1. Give me the percent of the accessible area of the range 47-109 that comes from carbon and sulfur atoms, probe 1.4 Å, all protein chains in place.
2. Please give the per residue accessible area of the range 1-99, computed with a probe of 1.4 Å over protein heavy atoms only, in Å².
3. Kindly flag which residue pairs out of K39/K111; K39/K95; K37/K111; K15/K39; K23/K69 have an alpha-carbon separation exceeding 32 Å in this structure.
4. Just to be sure I follow: if Rg is taken over the C-alpha atoms of the range 1-116 and Rh is the Kirkwood radius over the same atoms, what is Rg/Rh?
5. Once the other residues with Cβ under 13 Å from the Cβ of K37 are scored (Lys, Arg +1; Asp, Glu -1), what is the net sum?
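The values are calculated or read from the model by the stated rules, or taken from the named source; none is laboratory data. All of these numbers come straight from a predicted model, not from anything done at the bench. Cβ placement follows ideal geometry from the backbone for every residue including glycine, while neighbour counts extend to all protein chains displayed. Heavy atoms of the whole protein, side chains included, go into the accessibility calculation; ligands, DNA and RNA do not. Shrake-Rupley method; radii C 1.70, N 1.55, O 1.52, S 1.80 Å.
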Amino acid sequence: KAQFDIIGRLVADAKFDKTRNDKDVAYLRVAVSERQKNKDGNWEDMTSYVNITVFNARAISLLKATGVKGSMYNFMGQMTFASVKHADEFFDTYKLRVGNDDRVIPLDTKKREDNGANDGGFGGPIDA
């Protein structure tokens, strides 16, 4: 299976919920920046955003303690890709799934004040 490593900063605090099987799950959105040359030959920062779903129990415990906006992590997992149509335009979306065999490594984190008590208000379980 193909593994992807993503290093990025959370753009919002991690959200937590339960699957239909009563397993913990975390939802994250990460900003990933890289420098590229533009058409004029000048270097510029390019930022992409990746949605991440975490099922790994140890990683979820870590995120409950440190998963605040601005924290930086290295995520390893399975990448999925989809094109989404909105207002007659297609947008590419990427999602990383971090399962039990994958990892989350903190690189620059802050401590959560609510210790993960925020369930994110997702309103219902998901399949896992």
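1. Details: 1840 of 3620 Å².
Answer for the range 47-109 is 51 percent, counting heavy atoms of protein chains only.
2. Details: 6110 Å² over 99 residues.
In whole numbers, the range 1-99 has 62 Å² accessible per residue.
3. Result: K39/K111; K37/K111; K15/K39 exceed 32 Å.
4. Details: Rg = 15.5 Å, Rh = 15.2 Å.
Taking Rh as the inverse mean 1/r over Cα pairs, Rg/Rh reads 1.02.
5. Working: positive: R35, K39; negative: E34, D40, E44, D45.
So the surrounding residues net to -2.
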